[in-house]
Amino acid sequence: MNIARAVRAILISIVLIIPTFSSTSSAMPSNLARTFNAEGLWEALELDARFNVAYCGDGTQICVKLVWIKPSVLNQKNRTLLDTYVIHEGRSTSPLIWRGKLNVYEYTFDGKISVVAENKVAVQGCAFFIFCKSFTMDRIG
């Protein structure tokens, strides 16, 4: 299997789509950067996966753990990712953006999480700066 196909299969198999917004929207309230709290339960837009996000490391970094996969897409391969950190100690690069390594199976991707609104983030994963996949997540708890 070539690298591009492997990257695509991995990202699609666990429905990890990461937002591609490189800056915050000008329509966002100016105080969102001061008040936003990333912690909580987030669900991928396709409703196939849920992630627990918590602050970790120095308290400004985020850790993202895959905690649920929709039963109809759960398989032996993606089951190994349950209760594992797909992003560990993602660093804040601006008030509403975190970057870190996205770990899926034996692959590592450059990951980015951007705040779109109080209860919506965009997630992006890229391999070799060429193959990228993105998705949004909504806060559900």
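The values are calculated or read from the model by the stated rules, or taken from the named source; none is laboratory data. All values derive from a computational prediction rather than experimental measurement. Using ideal geometry, Cβ is built from the backbone for each residue, glycine included, and neighbour counts are taken over all protein chains shown.
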Counting only residues in the range 128-141 that are touching a Lys or Arg at 6+ places or on another chain (Cβ under 9 Å) and of a type in the set (A, V, I, L, M), the one surrounded by the most Cβ atoms within 10 Å (Cβ to Cβ) is identified as Met137
Could you run through the range 33-60 and say how many residues are touching a strand residue (DSSP E or B) at 6+ places or on another chain (Cβ under 7 Å), at pLDDT below 95 and either in a helix (DSSP H, G or I) or of a type in the set (S, T, N, Q) (or both)? 1
I'm checking my understanding of the structure. Among residues of the range 77-115 that are among the charged types (D, E, K, R) and under 15 Å from Ala127 (Cα atoms), which one is surrounded by the fewest Cβ atoms within 10 Å (Cβ to Cβ)? Glu106
What strands (runs of 3 or more DSSP E), lying completely within the range 64-141, carry at least 1 residues that are touching a helix residue (DSSP H, G or I) at 6+ places or on another chain (Cβ under 7 Å) and either farther than 30 Å from Asn31 by Cβ or of a type in the set (Ser, Thr, Tyr) (or both)? 97-104, 107-117, 120-127, 131-139
Within the range 90-141, track down each residue that is closer than 13 Å to Ile62 by Cβ, at pLDDT 90 or above and not β-branched (Val, Ile, Thr). Gly90, Arg91, Ser92, Leu96, Trp98, Arg99, Gly100, Lys101, Gly111, Lys112, Ser114, Met137
When you go through (1) at pLDDT 50 or above; (2) closer than 23 Å to Lys101 by Cβ; (3) of a type outside the set (S, T, N, Q) one by one for Leu11, which number turns out not to apply? (1)
Across the range 116-135, the tally of residues that are within 11 Å of the chain's Cα centre (by Cα) and of a type in the set (A, V, I, L, M, F, W, C) stands at 4
Quick check on the range 61-69. Is at least one of its residues out of contact with any Pro (no Cβ under 9 Å at 6 or more places or on another chain), surrounded by fewer than 17 Cβ atoms within 10 Å (Cβ to Cβ) and at pLDDT below 95? no
Inside the range 74-90, can you point out the residues that are within 18 Å of Lys101 (Cα to Cα) and free of Cβ contacts under 8 Å to residues at least 24 places away in the same chain? Leu82, Asp83, Thr84, Tyr85
Considering the range 100-115 alone, what residues qualify as being within 9 Å of the chain's Cα centre (by Cα) and free of Cβ contacts under 8 Å to residues at least 60 places away in the same chain? none
